[in-house]
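Structure first, commentary second.
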Amino acid sequence: MKFSLFVHMERLDAGQSHESLYEEYIELCEMADRGGMSAIWTGEHHCMDFTIAPNPFINLADLARRTTNVRLGTSTVIAPFWHPIKLAGEAAMTDIISGGRLDIGIARGAYNFEYQRMVPGLDALSAGQRMRELVPAVKGLWAGDYAHDGEYWSFPASTSAPKPLQQPHPPMWIAARDPNSHDFAVANGCNVQVTPLALGDEEVESLMERFNVACANHPEAERPKIMVLRHTYVGSDAADIDQAAREISVYYSYFGAWFKNEKPVTQGLIERLTDDELAANPAYSPEVIRTNTVVGTAEEVIARLKFCEALGYDEYSMWIDTGMSFDRKRQSLQRFIEDVMPAFAATT
């Protein structure tokens, strides 16, 4: 099982500048590269200081000049916000800049807040339909002289300019949760990204079952790779681990508030949650977070990751966005590299 880093610029309030956030983002990515991780993943979001990532290709092009070994992945571009020609060209250019290290993950998106601003009237169903139309169109453009007449996009014969360095194209990944998304990914030759979010190992197992069913439904297709993305913190002692659980609890409360899209947003920041509002989310309590997410000593984290490996996951991505300080994230990543990854040395 390979290991990767999933990272955005993120903040809960305006106490830190965007410039310093980017400097910290770069340092974490350089640590991952030096430490032997296989990939760095960064996503796409708009008008949200919670996860600052307006165009992942810009970040990855910068990282291509700062890193040597890691693959560089979009996790994910949001399908309904892209025209197929634009996505095909920008991805191909990034693949060339990175020396053929690009992986491209695609999702339908999750936040209604973004839908309202980028594609008014969009909902999750039509966003998923756009994703299913986008993927084969981008592949067709990379092949060249491809015309498209679909429900959402239509254009005459066109060729991506440039074409990607990797042939026939960079690996493509689909962010999947429901069985239909798993089925679409397998049928279309795409790898699969999954996350249980704040749910526990039972969801990790269920997501793998959905993937296995999709593979069984398409015996004609080569079995793709599957990656699991989890909030992860490797602690130094019990007090450190308890603090991490509290911090990730707060992070998920803000995640839930953004998802509900009910609170005022000013200057890209959601109104601060009160102590009562934080306490009103039992699914995100520190106790639940400590149990469900991968938070613990190096030995505990290794055991949780061995469970993922035994289920058949090809890659485990350490989701480091947690609302905690940069020093705490950096220390956890260093412990992950030094104390956790060597336990899997024979399989990386």
Practice problem: Mind pulling the angle between the C-alpha long axis of helix 124-143 and the longest principal axis of the chain? Nearest 10 degrees, somewhere in 0 to 90. | Solution: 60
Exercise. Between Ala239, Ala64, Ala303, find the one with the highest GNM mean-square fluctuation for the chain; connect C-alpha pairs within less than 10 Å.
Key: Ala239
Quiz item: Dipole size in debye (nearest 20) for the range 2-347 around its Cα centre, Lys and Arg Cβ +1, Asp and Glu Cβ -1?
Solution: 820
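For the range 153-247, which GluC sites (Glu not before Pro) pass both filters: DSSP loop (anything but H, G, I, E, B) and at most 12 other C-beta atoms within 10 Å?
Glu220, Glu222
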Self-check item: Inter-probe distance in nm under a simple model that places probes 7 Å from Cα toward Cβ, at Glu30 and Glu209
Solution: 4.6
Quiz item: Could you give the length gained on full extension between Asn180 and Asp13, defined as 0.36 nm per residue of separation minus the Cα-Cα distance, in nm?
Solution: 56.4 nm
Exercise. Sequence neighbours fewer than 8 away in the same chain don't count; with that in mind, list the aspartates and glutamates whose C-alpha is under 16 Å from Lys163.
Key: Glu90, Asp95, Asp103, Asp145
Quiz item: Mind listing which GluC sites (Glu not before Pro) in the range 261-348 are in a DSSP loop and have 13 or fewer other Cβ atoms within 10 Å?
Solution: Glu262, Glu271
Quiz item: Helix 56-66 versus the longest principal axis of the chain: what angle, 0 to 90°, nearest 10, using Cα atoms?
Solution: 70
Self-check item: Cut-off under 5 Å, modelled amide H: who pairs with Val295 long-range
Solution: Tyr233
Quiz item: What's the center-to-center distance, using Cα atoms, between the range 39-70 and the range 89-110 in Å?
Solution: 10
Quiz item: How many times 2.2 N^0.38 Å is the alpha carbon radius of gyration of the chain?
Solution: 0.96
Exercise. For Asp145 paired with Ala343, estimate the spin-label separation in nm (one decimal), with each label point 7 Å from Cα along the Cα-to-Cβ line.
Key: 5.5
Quiz item: Of Lys263/Lys329; Lys2/Lys329; Lys139/Lys263; Lys2/Lys263, which ones are farther than 30 Å apart at the Cα?
Solution: Lys139/Lys263; Lys2/Lys263
Quiz prompt | Placed amide H near Phe6: partners under 5 Å, 5+ positions off or other chain | solution = Trp41, Met318, Trp319, Ile320
Quiz item: Of Met341, Gly128, Val204, whose Cα points farthest to the positive end of the dipole of the chain (charges on the beta-carbon: +1 Lys, Arg; -1 Asp, Glu; origin at the Cα centre)?
Solution: Gly128
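Just so you know, all these numbers are worked out from the coordinates, no wet-lab data involved. Computed from a predicted model, the values in this text were never measured in an experiment. Glycine also receives a Cβ, built like all others from the backbone with ideal geometry; neighbour counts cover every protein chain displayed.
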